[in-house]
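One structure is given here, and the rest of the page talks about it.
The values are calculated or read from the model by the stated rules, or taken from the named source; none is laboratory data. All values derive from a computational prediction rather than experimental measurement. Cβ sites come from the backbone with ideal geometry, for glycine too, and all protein chains shown count toward neighbours. When the accessible area is computed, the model is the full protein with side chains, heavy atoms only, and any ligands, DNA or RNA have been set aside. Shrake-Rupley method; radii C 1.70, N 1.55, O 1.52, S 1.80 Å.
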Amino acid sequence: MSLAFCGNENNSLAYNVDRGVLNNGCFLDALNVVPHIFLLFITFPILFIGWGSQSSKVHIHHSTWLHFPGHNLRWLLTFILLFVLVCEIAEGIVSDGFTQSHHLHLYMPAGLAFMAGITSIIYYHNIETSNFPKLLLALLFYWVLAFLMKTIKFAKYTEHSVGLRQLRYCITGLLALLYGLLLAVEINVILGRRYLCFTEATEVKPPEDLQDLGVRFLQPFVNLLSKATYWWMNTFITAAHRRPIDLKVIGKLPIAMRALTNYLKLRKAFESQRRPLGSMPQGPKWIWRALRQAFGRPLIISITFRFLADLLGFAGPLCISGIVHHISKDNRTIQPPIKLLGVYFISSQEFLANAYVLAVLLFFALILQRTFLQASYYVAIETGINLRGAIQTKIYNKIMRLCTSNMSMGELTVGQICNLVAIDTNQLMWFFFLCPNLWAMPVQIIVGVILLYYLLGISALIGATVIAVLAPVQYFVATKLSQAQKSTLEYSSERLKKTNELLRGIKLLKLYAWEHIFCHSVEETRGKELTSLQTFALYTSISIFMNAAIPIAAVLTTFVVHVHISEEADLSPAVAFASLSLFHILVTPLFLLSSVVRSTVKALVSAQKLSEFFSSDEIGDEQEPNATMPTGPSNHKTIPSCPRNHNNKYQAVVSTQLSHNQWESVFDICFDQYGTPTLSNINIKVPFGQLTMIVGQVGCGKSSLLLAALGEMQRVSGTVTWNILPSLDSEGDDSCFHCVYLGRKRGSVAYASQKPWLLNATLVENITFEMPMIKPRYKAVIEACSLQPDIDILPQGDQTEIGERGIILSGGQRQRIGVARALYQQTNVVLLDDPFSALDIHLSDHLMQEGICKLLREEKRTVVLVTHKLQYLPHADWIIAMKDGTIQTEGTLKDIQNSDPKLFEQWKTLMHRQDGEFEKETVAESMTVLERKNLRRAMYSKEAAKTEEEHEEESVESEEDDSLSQAMRHRTTIPWRSCGVYLSSAGLLLPLLLLSQLFKHTLMVAIDYWLAHWTSHVITAKMDATGRNCTVAQECGFSHSWYLSVFSVLCCLGIVLCLVTSVAVEWTGLRVAKELHHNLLSKIILAPMRLFETTPLGNILNRFSSDTNTIDQHIPATLECLSRSTLLCVSALGVISYVTPVFLIALVPLAIACYFIQKYFRVASRDLQQLEDSTQLPLLSHFSETVEGLTTIRAFRYESRFRQRLLEYTDANNIASLFLTAANRWLEVRMEYVGACVVLIAAVASISNSLYNHLSTGLVGLGLTYALMVSNYLNWMVRNLADMEVQLGSVKRINGLLKTEPENYEGLMAASQVPDGWPRQGEIQIQNLSVRYDTTLKPVLKQVNAHISPGQKVGICGRTGSGKSSFSLAFFRMVDMFEGRIIIDDIDIAKLPLQTLRSRFSIILQDPILFSGTIRFNLDPEMKATDDMLWEALEIAQLKPVVKTLTGGLDAMVTEGGENFSQGQRQLFCLARAFARKSSILIMDEATASIDMATESILQKVVMTAFADRTVVTIAHRVHTILNADLVIVMKRGIILEYDRPQALLEKEDSVFAAFVKADK
């Protein structure tokens, strides 16, 4: 067949120009080539030479500045233009099929126009981003020429009566219109910006975001194509392969997406609803209104995109129907087209009847549908994230104004507020994500049912009814699922509480050999949790089953009814496979229904909670009276409320300082509007620049007075005034010349609360507290608060992170840091609320002398000190004594001595008692030293933990480049080993799972294959019927019944297998969860103590909490989804390859593309998921910190600083979420496009195969139906693979702990060989003993020899780190005894089984540990002792009277950690526990550290009498406690320095022990 531009038939009218050149169709087409050739020739050199020095003078770091007007419209018109040009090419090719020779002019100009269209947009994009508008001239010419040529062609067609019935006429008209619109856009740019012919162009500045190098989220700034395909994410996602993604990499949020911008938008929406009188409306309705007003517009855009996507989704089934219908026509002739102007014209009907055209249209429909769908998701999620940021900011601003009495009365708890932030804002965000579904689902269902009805008639409605009837069942299952999840959560938290206690007390449990009792208790709770998880698994498997079975059931019902209703049922492949696709589309909204309804209900509840929170009480802003401003200068912003006349008896001495504070108050304050006032008839003046002390009994309102002064309490009546006396001149008439700042206008006050409030930051940040660092001042404050020794212990000194609520510090350290903060601030007023409560006497004295009397006095600051330490009263300039919420008396100490001698005497006796305490207290190793020792241990374990974590990451940082590349390689590989560990734990269930999955998917393919076979036979039977003149196929012997029965059997088997696989997956998950948790607990319980000292408790606890939860609930679902989508994908590709083997060739490049897309995506997705999680933690802890420290923040007037920090945390979390969303969209768009290519290739290949190789039409339908679903499966496969990878991290971490070597519990002797009462005597021989904590560490005891006779009382002393505690642990084999031996009562303890050995001794540790449960359980968990024995033990420990008063006596409850008893009482319970054991050897490891002196001396006597016949080894930090011992061992650096009777050692002059005793006195 020859080829010519105008064709070369002999009778061709193509070359006929008798009636003028313009009346020749071929010439018209040739003329249309001119503009395109012009553009291609002009622009190619410019595009290839590059832009060189032509770039703009404005410096922007992104080539994304889109500033020409009509930018988006131009892109949109260009896309439409390209689509119309594709249609023109297709129309030309189809028309050309009717002639003998090929007429190039029918499609070549359109092809050139297509190339020119693409070139124009690339050229324009480069002009715009390089800001070189002069080059727009070429485009202007092009649009003018193209518009003119198309208009001429259109006019000539009209002239020759080519009409709307001819497709080419419509296309030409459309193209003329598009070129005209593009010309208009171009002219608008040139005129609007005064480019080209104008001398001065309009100056435009790029947006602020693009000038900021930190902004890297470019979605709002890129062009339409990049927006739709997330092209700008390419560099970001590929870069993730080279270096991990962190906050630096993702940069800042664009201004429009920042929390502050969105908060202001939301606030404006709230403000607009104010009632005329200024009050805010109440209830959740106004929240919804405000949200709609602030965030409604983007949501409408999202819903629109969703509508378009859903409507385009129906193109799939319709095109399949058309294609199969077209190729199943036995007579493929179409009426010859009309010939005008020497060329053929076809109608749109003929055009759309072409199978190839339908295949191309299907491809475009899919591309568009997927693009719109992803755009809808993106817009909805972005809106949801913006809304979350705005609401979190609004909640925070509300917290800053909250009335603290609400909190203390329990109306609002920290937990509730944190739930609002963590859960309720997320519920609203999720509602916005799913909102488009609410509107789109009804449309999808209605259109789907209409199309089914059109294809199948009444039987379609019956099939749809099956789906509709089963939808409520799904909702029921979903609600049951959430209930099961709730009960599982309750058991989980109970199990975690027990596990936490077990881990915290692990040392004690091991020493007492009680591990198995506690292990059993945890296992018991785990059993309950597993029962609940079984219910959860059952409903999950029902849900999975229904999702898989409903479409099968619907299709089966429909076809059965369809065949039985009418004899002439049309069950051609076109109908069957189009309806199959429609059922798949219909099922989707019904699956979503349950989650959308649940999400809506939750969002309504959350809005209700938020409205209640927003309407809770706030601090009252008081009325401002007229304040007279001072004439002199004032350097201080000060304190709350209205001025009163001063009848001021107590006038301050005014120094040369410019400003002084005085505050006076008259008020009644109450916590509760209706209750009795907490404070009443208060009328006091606080002198400025002096020290005022407030004293009184517990609960008399001292702290309330401070809070009232800070405006933190609800005031019933009266006022609080903070005054400034501005200068000496105004002193005479200070009632006129003082400035009163009211309500919120009070200045900053340094306030140290009674319960110290610390930030989760470094120690130095907690002290400076947002103030600039002044070294000398900082040093002075550290010295005054005696913090230097504590700082020296910390691993990074004062740069150490002290954890949430100062978790790594002791109470006293926390309190001193709180006071240090108040001292460091340069405010005129300092309020200290009982700063000595957690400090010992030395620290209190030092703080009083150096900090308060020296530092604050020198600076002439007004100090108000609440205290119980009456010995400091002589230091006070003014004393306020309180009683029952009123002022008992006030004045100087002398005034009170004269006016209230009785009170003064009372104080005097108390003062002496407290001074007596001071004399008794020892210096050598006070409580503080003990705290420091504990801290050192904690820090050691933290440091070791860091190395542990580094191991966990498996990246060795030896040679940096190698290690980095190794780590990167490690990040890109899937953790197959963890997957193996997970699946191998499933045991016999694994083969069942694999077989059921394979069978199920084979059966699914079989069902569809049978349908193809059946429908193809229907068509053949019809043809036969036509050939043999039967009216219907049945008369010629064709019957549906055989096919239908096989189809029914296959469908029923499919439904059964769906149930089997869903149950198998969930049961496998349960089995693995049970197995892994059991193994983990067993390993941890038997692990050596070293593991707990080197691994932070939190790390181990995380294995039991979040990791176990992931294995329990998330991995089974992800595994099911992953295996299903993978097998569906494989079966779909298999079917397509079977139908058209040529598809395999095209599959190779597509598979390579998919491989690289998923490879890059997985790495980026994992990093972003971890980043999103890690940025959420600081945000939530900032909320809880703020709520807890509200009073302090407001006292310091630091609200704005904390708000700023919140905005930073929120933005960090939001940008991680946005990047994660964009990455998911990036993946999905690419996978959808790959899927669209699969559909196009499969369609073209199967059409050709059918037309030329007579492939059966049923198989074509089958291939296309499967091809349509490939993109969905591909997406799910990659997303689930990424999720699976993150979740398998949990298995990997747990597996890491499972490799721990347990302690050697077996001994050379069996438990039965050990004598029953051993050790009876309690004789201990230590021979050449050397001990170390680990094989890698140095020994802590070296060659120690000692002999302790039966019943001897031995005291061991020495400095911190001398090996005293290691000595005691050696008896229990808690440390590695690598040399020497310990023989007790003639048995070498190394030969005994560990359980037996430890169960025969008693030990009292220095940290008192109590467990939640009864007192009886705490004393004797083994339940061996009788009640009398327990009461006796309590009597010895001085606790009998305390326990007697408790309800339940021995069965009274102990809360977690023994919080309902004081520290001293807890220590006494531990003593009682040891006494109850009745063993002949008792070891006391600094056991009396938390007990006051009087109780300790009683205990010492009791131990001597109650344990007269037993061996007692006491490790002492107060040396005087071992003066009565029979033997004293002094240790230093792991060796015994002195070993003798105390008297003998005291007589030696150079004795170390004697030196210790001297120091102790």
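Before moving on, here are some points about what is shown:
- Within region 478-506, the residues that satisfy the criterion of being assigned to a helix (DSSP H, G or I) and more than 27 Å from the chain's Cα centre (by Cα) are Leu502, Ile506.
- Any hit, region 1543-1553, residues being modelled with pLDDT of 80 or more, open to solvent by 40 Å² or more (accessible area, probe 1.4 Å) and either in contact with a Leu (Cβ under 8 Å, 6 or more places away or on another chain) or under 29 Å from Glu1422 (Cα atoms) (or both): yes
- Flag for Ile237 being surrounded by 18 or more Cβ atoms within 10 Å (Cβ to Cβ), under 46 Å from the mean Cα position of the chain (by Cα) and modelled with pLDDT of 90 or more: yes
- Taken over region 867-909, residues that are in a helix (DSSP H, G or I) and open to solvent by 20 Å² or more (accessible area, probe 1.4 Å) amount to 16.
- Which listed residue is part of a helix (DSSP H, G or I) and closer than 30 Å to Leu1268 by Cβ, from Ser1105, Ser1131: Ser1131
- Residue count for region 719-753, restricted to those that are at pLDDT 80 or above and open to solvent by 20 Å² or more (accessible area, probe 1.4 Å): 3
- The one condition in (1) open to solvent by 20 Å² or more (accessible area, probe 1.4 Å); (2) closer than 24 Å to Phe1475 by Cβ; (3) touching a helix residue (DSSP H, G or I) at 6+ places or on another chain (Cβ under 6 Å) that Phe1556 fails to fulfil: (2)
- Residues satisfying the stated conditions in region 1332-1348, i.e. of a type outside the set (Lys, Arg) and free of Cβ contacts under 8 Å to residues at least 40 places away in the same chain: Thr1336, Leu1337, His1347
- Filter result for Ala468 (of a type outside the set (Val, Ile, Thr), surrounded by 18 or more Cβ atoms within 10 Å (Cβ to Cβ) and either touching a strand residue (DSSP E or B) at 6+ places or on another chain (Cβ under 7 Å) or modelled with pLDDT under 85 (or both)): no
- Restricting region 289-298 to residues that are open to solvent by 20 Å² or more (accessible area, probe 1.4 Å) and touching a residue at least 24 places away in the same chain (Cβ under 8 Å), the residue that is farthest from Tyr1252 (Cα to Cα): Gln293
- Given (1) in contact (Cβ under 8 Å) with a residue 60 or more places away in the chain; (2) open to solvent by less than 10 Å² (accessible area, probe 1.4 Å); (3) not β-branched (Val, Ile, Thr), number of the condition Leu135 does not satisfy: (2)
- Verdict on Leu318 being over 30 Å from Val1270 (Cα atoms), surrounded by fewer than 20 Cβ atoms within 10 Å (Cβ to Cβ) and among the hydrophobic types (A, V, I, L, M, F, W, C): no
- For region 254-308, the set of residues classified as modelled with pLDDT of 90 or more and assigned to a loop (DSSP other than H, G, I, E, B) consists of Pro254, Arg258, listed by residue number.
- Restricting region 1388-1419 to residues that are closer than 16 Å to Ile517 by Cβ and more than 42 Å from the chain's Cα centre (by Cα), the residue that is surrounded by the most Cβ atoms within 10 Å (Cβ to Cβ) is Arg1398.
A quick yes/no check of all residues on (1) assigned to a helix (DSSP H, G or I); (2) within 31 Å of the chain's Cα centre (by Cα):
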{"position": "Ser1039", "(1), (2)": "no, no"}
{"position": "Cys1058", "(1), (2)": "yes, no"}
{"position": "Ser1062", "(1), (2)": "yes, yes"}
{"position": "Arg1071", "(1), (2)": "yes, yes"}
{"position": "Arg1090", "(1), (2)": "yes, no"}
{"position": "Gly1098", "(1), (2)": "yes, yes"}
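- Test: residue in region 1514-1529 that is at pLDDT 80 or above, closer than 30 Å to Gly811 by Cα, β-branched (Val, Ile, Thr) and not in a helix (DSSP H, G or I): yes
- Residues of region 1207-1251 satisfying the condition of being within 25 Å of Phe364 (Cα to Cα), open to solvent by 30 Å² or more (accessible area, probe 1.4 Å) and within 34 Å of the chain's Cα centre (by Cα): Arg1230, Tyr1233
- Qualifying residues in region 828-857 (those that are within 25 Å of Arg1194 (Cα to Cα) and small (Gly, Ala, Ser)) - the one farthest from the chain's Cα centre (by Cα): Gly851
- Qualifying positions in region 1507-1526 - over 13 Å from Ile1403 (Cβ atoms) and under 56 Å from the mean Cα position of the chain (by Cα): Phe1507, Ala1516, His1517, Arg1518, Val1519, His1520, Thr1521, Ile1522
- The sole residue among Glu783, Glu850 that is open to solvent by 30 Å² or more (accessible area, probe 1.4 Å), charged (D, E, K, R), in contact with a Cys (Cβ under 9 Å, 6 or more places away or on another chain) and in contact (Cβ under 8 Å) with a residue 12 or more places away in the chain is Glu850.
- Where a residue in region 1463-1475 is open to solvent by 10 Å² or more (accessible area, probe 1.4 Å) and its partner, wherever it lies, is of a type in the set (Gly, Ala, Ser), with Cβ under 6 Å and at least six apart: Gln1463/Ser1490; Gly1464/Ser1490; Arg1466/Gly1458; Leu1468/Ala1437
- The test for being surrounded by fewer than 17 Cβ atoms within 10 Å (Cβ to Cβ), under 19 Å from Leu82 (Cα atoms) and not β-branched (Val, Ile, Thr) does not hold for Met149.
- Hey, Arg1124 basic (Lys, Arg), closer than 30 Å to Thr525 by Cβ, within 36 Å of the chain's Cα centre (by Cα) and part of a helix (DSSP H, G or I) or not: no
- Pairs where the first residue, in region 1134-1153, is under 17 Å from Gly1235 (Cβ atoms) and the second is open to solvent by less than 50 Å² (accessible area, probe 1.4 Å) and aromatic (Phe, Trp, Tyr), C-beta under 7 Å, 6+ apart: Val1135/Tyr1266; Ile1136/Phe1143; Ile1136/Tyr1266; Ser1137/Phe1143
- Among the criteria (1) open to solvent by less than 30 Å² (accessible area, probe 1.4 Å); (2) at pLDDT below 80, the one Tyr179 does not fulfil is (2).
Residues checked against (1) closer than 25 Å to Lys1501 by Cβ; (2) free of Cβ contacts under 8 Å to residues at least 24 places away in the same chain:
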{"position": "Thr1521", "(1), (2)": "yes, no"}
{"position": "Asp1526", "(1), (2)": "yes, no"}
{"position": "Val1530", "(1), (2)": "yes, no"}
{"position": "Ile1536", "(1), (2)": "no, no"}
{"position": "Pro1542", "(1), (2)": "yes, no"}
{"position": "Glu1549", "(1), (2)": "no, yes"}
{"position": "Val1552", "(1), (2)": "no, yes"}
{"position": "Val1557", "(1), (2)": "yes, no"}
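- Reported count of residues in region 70-90, each being modelled with pLDDT under 90 and more than 48 Å from the chain's Cα centre (by Cα), is 0.
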